[in-house]
1. Looking at the range 280-299, can you tell me whether even one residue there is within 30 Å of Ala143 (Cβ to Cβ), part of a helix (DSSP H, G or I), in contact with a Lys or Arg (Cβ under 9 Å, 6 or more places away or on another chain) and touching a residue at least 40 places away in the same chain (Cβ under 8 Å)?
2. Just checking, does the range 149-169 include any residue being surrounded by 24 or more Cβ atoms within 10 Å (Cβ to Cβ) and polar (S, T, N, Q)?
3. Taking only the range 118-140 into account, find how many residues are buried (at least 24 other Cβ atoms within 10 Å of the Cβ) and either at pLDDT below 95 or part of a loop (DSSP other than H, G, I, E, B) (or both).
4. Go through the range 239-282 residue by residue and tally those that are at positive phi and not assigned by TED's automatic domain parsing to the domain that holds Arg334.
5. Yes or no: Val103 more than 16 Å from the chain's Cα centre (by Cα), crowded, with 24+ Cβ neighbours inside 10 Å and at pLDDT 95 or above?
6. Across the range 23-42, what is the number of residues that are touching a residue at least 24 places away in the same chain (Cβ under 8 Å) and of a type in the set (D, E, K, R)?
7. If Ala234 satisfies every condition in (1) surrounded by 14 or more Cβ atoms within 10 Å (Cβ to Cβ); (2) within 19 Å of Pro320 (Cα to Cα) but one, which is the exception?
8. If you go through the range 159-182, how many residues are over 11 Å from Pro88 (Cα atoms) and either at pLDDT below 95 or in a loop (DSSP other than H, G, I, E, B) (or both)?
Amino acid sequence: MASTPERLQQAVRCLLAGELVALPTETVYGLGADAANPEAVARIYAAKGRPADHPLIVHLAAAEHLAQWAADVPTAAHALAAAFWPGPLTLILKKQDWVPLAVTGGQDTVGLRVPNHPLALELLAAFAAARAPAPAGVAAPSANRFGRISPTTAAHVREELGGQVALILDGGPCEVGIESTIVDFSRAAPEILRPGAITADDIARVTGIPPRLRGGAGEAHASVGEPAPRVPGALAAHYAPRTPLRLAAAAGFDAELARLLRAGRRVAALVVSGDAPRDAGSCAGWHAAPADPAGYARQLYASLRALDALGADFILVEAPPETPTWRAVADRLRRAAAGAGMPA
């Protein structure tokens, strides 16, 4: 899994040449390009089939680079960077004038984070050294087709985008497994635009300011006045398998599974660990995920990919508990259900 110095230098050369490099982070694998190079950024959009007005997150080597990319950084944003970087937290801030609109989706805000993966940090530090004294950052959305299941291993990247990436750095399975928490600081009060491993309570504890919470898929966000910036993963349909996916409440899961099987449907199931129903043996596939939200999140995308590959009629997922600690997992599953079965 460890990458040789030669491999890292090859990755740096690819980035400097405007090519794409897939890199591991603690959340998901990213499809990276030089964020200061609009032509390189355009290659990300082309490879993913991503609409050009969907902004990208810029990955930095260290929090000290924040001011090179963002203007007028609030004290609370600095506090979060100090507390959670490197880590699964993205800050939305007003961009410096020079930051290309190609990377911000045409907006005056930019998403920034420092990932917590040793190989990613080595790459980002080496890239920053190669570009010094110019600002350096790697724009890196998830390394998959737009709207589909995010990759959490290098093999997932090869399956989807192998022919379009100059180099894939293998850093092993991702530790967090779902995308970073996104906190918007571009307006009057901080707001969580995408839930993740860093929770609202975590943010309030550090800043002393309880953040607003953007509504779920298809709902208006909690703020009034100026609309929230566009951010990755905010569409109602996202993170989706090709197989239609249904969510069933825990209390009604066994009955829904039995109904689908009686109707002659091939069902692949994803449940929270516990006793399997008597119909489990009739399923096309059965995955029992950890009963804690962090463990569930770590395995979520790999489980959905494995179940999607079975060619079932449906993926039936036991809905997680409706509690704040499960908010990020529930968000991903809700969006996956909305987009599942749609053509690529």
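1. There is at least one residue in the range 280-299 that is within 30 Å of Ala143 (Cβ to Cβ), part of a helix (DSSP H, G or I), in contact with a Lys or Arg (Cβ under 9 Å, 6 or more places away or on another chain) and touching a residue at least 40 places away in the same chain (Cβ under 8 Å).
2. yes
3. Adding up the residues that qualify gives 3.
4. 1
5. yes
6. 2
7. Unmet condition: (2).
8. Count: 14.
The values are calculated or read from the model by the stated rules, or taken from the named source; none is laboratory data. Since the model is a prediction, treat every value here as computed from it, not as a measurement. Glycine gets a Cβ as well: all are built from the backbone with ideal geometry, and neighbour counts include every protein chain shown.
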